[in-house]
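Derivation of every value follows stated rules applied to the coordinates shown; laboratory data play no part. Predicted model, so just to flag it, every value in this text is computed and none were measured. We place every Cβ from the backbone using ideal geometry, glycine too, and count neighbours over all the protein chains shown.
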């Protein structure tokens, strides 16, 4: 990845990292065998211990990076408590990585409703049936809950649960990493400027 690769494109200085991310995600869509939008999400619990798991990115723009979850899950409660999180995309086929750190906000009800309505019916039922991150006595108990909600919402619309919505990470930094021979990798970090209205680009030692 050359210096030019990090500055090219019809993107202003303010949205430059988002344009580069869009290009890299598009490349991953053509090379990754499964889920190019999969991303490791890191949060911190009440004891200050980190947790990390894979989620799916469901949207991004200049406001930030969006994913959806059960707010009563472990990641949901941790984010609601701290309002901070980090993400790491790793596209092994491309030898590229993107790291994102920032504060977190809840998406609007309209955004959550629109995405929820786009999900397969079974996934919408699952949002009701799964008490995510809590102990499950047996697989049968989960299947029973799915059957109960399937019967309840046998016809018509399936409403979005109040505890199910989306988070948007509003990044303060976005780092792009590309593998190079002898571990002399390319690393460029975009950092929010002091006024929060633009980006400062910093090339980092590998």
Residues satisfying the stated conditions in region 188-202, i.e. farther than 25 Å from residue 106 by Cβ and under 21 Å from the mean Cα position of the chain (by Cα): 188, 189
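Would you be able to tell me the number of residues in region 85-107 that are under 30 Å from residue 206 (Cβ atoms) and either outside any strand (DSSP E or B) or without any contact (Cβ under 8 Å) to a residue 12 or more places away in the chain (or both)? Even if it seems obvious, please write down each step before you answer.
Residues of region 85-107 that are under 30 Å from residue 206 (Cβ atoms), as a first pass: 85-104.
Filter once more, keeping what is either outside any strand (DSSP E or B) or without any contact (Cβ under 8 Å) to a residue 12 or more places away in the chain (or both): 92-95.
Residues in region 85-107 being under 30 Å from residue 206 (Cβ atoms) and either outside any strand (DSSP E or B) or without any contact (Cβ under 8 Å) to a residue 12 or more places away in the chain (or both): 4 in total.
For region 115-130, what are the residues that are out of contact with any helix residue (DSSP H, G or I) (no Cβ under 6 Å at 6 or more places or on another chain) and surrounded by 15 or more Cβ atoms within 10 Å (Cβ to Cβ)?
Residues satisfying the conditions are 115, 116, 119, 124, 126, 127, 130.
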Selection status of residue 48, at positive phi and either surrounded by fewer than 19 Cβ atoms within 10 Å (Cβ to Cβ) or without any contact (Cβ under 8 Å) to a residue 12 or more places away in the chain (or both): yes
